[in-house]
Structures are given as structure tokens and as C-alpha cells.
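Note sheet for the following structure.
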Amino acid sequence: MTRIPLNHGVGHMPALGFGTLIPDAALTITATRGALEAGFRHFDCAERYGNEREVGKALQEGLAGGGVAREDIFVTTKLWNSNHRPERVEPAFEASLDRLGLKYLDLYLIHTPFAFRPGDDQDPRDQNGNVLYDRDVTLFDTWKAMETLVDHGKCRAIGLSDITLNTLKPIYESARIKPAVVQVEAHPYLPETELLQFCKERGIVVLAFAPLGHGMKPGLLDDPVISAIAARVGKTPAQVLLAWAVQRGTALLTTPRTAARARENFDISRLPADAFDEINRIQIRQRLNSVVDTGVPGFIPQAR
Ligand SMILES: NC(=O)c1ccc[n+]([C@@H]2O[C@H](COP(=O)([O-])OP(=O)(O)OC[C@H]3O[C@@H](n4cnc5c(N)ncnc54)[C@H](OP(=O)(O)O)[C@@H]3O)[C@@H](O)[C@H]2O)c1
């Protein structure tokens, strides 16, 4: 299993991560269990996904069952937009920790760089349906509160999500504790090459979400280049896409919902150099998520 060192000097992140953005509570438990059994040791959660309790339940079962220790798993969760005010950061972190049933987190991310009106309403809107942003807190104010969490020892590393290179640079330059990870949409149609280069030079891990293009069809899973390589190397298109992501030095998040798919997505191997280069030459460009522009996620289930 590929593991990527973190710049904080506090261990490694398994490159293959299981994402928990699953709208159904029961499915969250079975899918997380299936991922753990398939070998996934990296779990990506978020306050906003509304299912930290269910993920925590599946992880606790895995830990109680023996064979997997807390130090063997890498758990991330994220601070939501309505908790960016510095005084809200630690309570939000503690609430997530409590729902997950854990004593510490391996990684805590600012979910998006957009601050929404502070409070318990995760999706504050005006009468016209426009998002209510909070203009009285900066991303750096929030970052300093994140650094305090590391100082307090309950969180090993901190980072950002849904961030552009232009927004990342000033945080990187001013930070006392540098971001260890940035989580962004990345796949062959959105390689984020410049961001990846910046991060590699500074030891920041790029954690790619939507490595399968959210499984949308038509899309990456039936792209002719990917399908031809899959046939040539005897792997599935999903396995080719995940292998490409690891081979270019990113970590990734994938969300197999069944045990069989979890085993498939965990079973990846290095691509031949010509296949890797062929994927790098794909010219199609497509961003699936506008969250980097607005802070409003496109793939959050509206009702549970
Ligand atoms: N930071 C953010 O704003 C943000 C945004 C989105 C996601 N994320 C994170 O990233 C994680 C990954 O989500 P994603 O949508 O990007 O995951 P993904 O793995 O790229 O896409 C998931 C979709 O792919 C399908 N799929 C999974 N494995 C497959 C396989 N082997 N063959 C064919 N189809 C397959 C799934 O179908 P089935 O449902 O049929 O299994 C599902 O529809 C999320 O869970 C979350 O943790 C973060």
C-alpha cells in the first residue's frame, strides 16, 4: 500500500482513501465496513456529510474486532463553512471527534475557503435563496484556530479543501504550521498540474477527489483512452484511473459502496510508462464541482 509522508513529520497518509460522502445512513455503515475489510486504512469524513456517527460506528466495530489498531487507520474530517469564526473551530472539531468516537484525528481540513454566516444552519440563505457569507472572518483567522488544534495535540495535521492555488499561496506563506494536505477535485480531465507542482515542491500532499469523475457517464469511466488501456493491462477503467492518480504522486478518495467494488478499487497496480503518458496527454478539460467558486457543494445530499 503506497503511503505518502506528511510535512508535519507525524507519519504518513495512505494514498488510497475511502470517501464517506454517502447519503444513506445504513449504507454508510456497510460501505465503510466493506472498505475496511478490503484493506482501506484512510477514511475521509466531514461534518457536512451528516454521517460521522455512522462512519464512527463502522470504524469502532473494526477496531474492536481486533486486527486493526487505531494507529493503523488515518481519519480525516472537515470544518464546515458556518464554523469559520475562530471561537467556533475547537467546538466544531470536538463535536466531530465525539460523533466519530475517536480521541484524536489524523487530519482536519477547512472544507472550503468560504465562510458562511456563523451558526448551526449549515446552508444559510437570504429570502432570494442566495448564500449568506460571513465577511467578518478571514481564511487566515480560521487557519490560526486550526493551528491551535495541532498545538493542543488532538489533531496531527491540518489542511485545506476546495482551494485554488491563488488562495493557497498566501495561507502557505503566512502559516506557522504549514498545510499538510490540500483536497481538490482532480482526474485526467482536471489534472491540476500547477497546484500539484507547487505542493510537491513544498511537501504538501494533494488529495484528489472525484478520481473516477464521480462515476458519471458519459465520463472518465468510459473514456476511450482509459477503456483501451484497461483492456490492454487487464484492469478495469476504475482501477486504471486510481492507479494513474497514485502514480502521479497524489493521494485519492474513492467511494465504492459495495464490498466487491471496495476490493476492486483497492486492487490497483502500477501502469506501464506508455499508458501513464497516454493518460497525461488527454486533452479534455472538465470541472465537475463549482464548490471552489462558491463554497456550495454540488454533491451533498439535500435530505436524509
Ligand atoms: N472536498 C469536497 O468538496 C469533496 C467533494 C466531493 C467528494 N469529496 C470526497 O471525495 C470522496 C470521493 O467521492 P467521489 O464522488 O469523488 O468518488 P468517486 O469514486 O470518483 O465516484 C463515486 C462514484 O463512482 C462509482 N464507482 C466507484 N467505484 C467504481 C468502480 N469500481 N467502477 C465503476 N464505478 C465506480 C460509484 O458508483 P456506485 O455508487 O454505483 O457505487 C459512485 O457513483 C467523497 O466520498 C468525499 O469523501 C470531497
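Readers should treat all values here as calculations from the given coordinates under stated rules, not as data from a laboratory. The shown structure was predicted, so the numbers you read here are calculated from the model rather than taken from an experiment. As a convention, Cβ positions derive from the backbone with ideal geometry for all residues, glycine included, and neighbour counts pool all protein chains shown.
A Förster distance of 25 Å, applied to the separation of the beta-carbon atoms of ASP121 and ARG287, puts the FRET efficiency at 0.35.
Hey, how much of the P(r) for the chain falls beyond 35 Å, as a percent of Cα pairs? So the pairs more than 35 Å apart make up 15 percent of the total in the chain. The share of C-alpha pairs in region 42-124 whose separation exceeds 17 Å stands at 44 percent. Calculate the FRET efficiency for ASP151 and GLN60 from the Cβ-Cβ distance with a Förster distance of 41 Å, rounded to the nearest 0.05. For ASP151 and GLN60, the calculated efficiency is 0.90. Between ARG3 and LEU165, the contour length at 0.36 nm per residue exceeds the Cα-Cα span by 55.9 nm. As a proxy for reagent exposure, ARG248, ARG125 were ordered by neighbouring Cβ count within 10 angstrom, fewest first; the result is ARG125, ARG248. Does region 90-181 classify as rounded, prolate or oblate by the C-alpha gyration tensor (a ≥ b ≥ c root eigenvalues; a/c under 1.5 gives rounded; else a/b over b/c gives prolate, otherwise oblate)? Oblate shape, in that a/c is at least 1.5 and b/c is the bigger or equal ratio. Look at the alpha carbon pairs under 8 Å that are at least 6 residues apart: their mean separation over the length of region 174-297 gives a relative contact order of 27 percent.
Once C-alpha pairs closer than 8 Å and six or more residues apart are averaged by separation and normalised to the residue number of region 4-100, the relative contact order reads 27 percent. Among SER227, SER174, SER161, a tally of other beta-carbon atoms within 10 Å of each Cβ gives an order, fewest to most, of SER174, SER227, SER161.
The relative contact order of the chain, computed from alpha carbon pairs under 8 Å that lie at least 6 residues apart in sequence, is 20 percent. What is the calculated FRET efficiency for LYS200 to ASN128, with r their C-beta to C-beta distance and R₀ = 30 Å, to the nearest 0.05? Computed FRET efficiency for LYS200 and ASN128: 0.10.
The protection proxy used here, the mean number of other Cβ atoms lying within 10 Å of each residue, ranks peptides 60-67, 163-170 as follows, highest first: 163-170, 60-67. For the chain, the 222 nm mean residue ellipticity estimated from helices alone, with every DSSP H stretch of n ≥ 4 adding -39500 (n - 2.57) and the total spread over all residues, rounds to -11500 deg cm²/dmol.
Ordering of 94-101, 249-256, 135-142 by packing is 249-256, 94-101, 135-142, highest average first (other Cβ atoms within 10 Å, averaged per residue). From the square roots a ≥ b ≥ c of the eigenvalues of the alpha-carbon gyration tensor of region 202-295, which class results: rounded (a/c under 1.5), prolate (a/b over b/c), or oblate? Cα axes put region 202-295 in the rounded bin. Taking each of LYS103/LYS144; LYS78/LYS144; LYS144/LYS200; LYS103/LYS178; LYS78/LYS200; LYS78/LYS103 in turn, the alpha-carbon distance tops 19 angstrom for LYS103/LYS144; LYS144/LYS200; LYS103/LYS178; LYS78/LYS200. Think of the chain as having a plus end and a minus end, set by charges on the Cβ of Lys, Arg, Asp and Glu; of ILE110, HIS42, PRO170, HIS42 sits farthest toward the positive end of this dipole.
Rounded to the nearest 20 debye, the dipole size of the chain about its Cα centre is 480 debye, using +1 on the Cβ of Lys and Arg and -1 on the Cβ of Asp and Glu.
Looking at the chain, what % of its DSSP beta bridges pair antiparallel, to the nearest 5? Taking every DSSP beta bridge with both residues in the chain, the antiparallel ones total about 20 percent.
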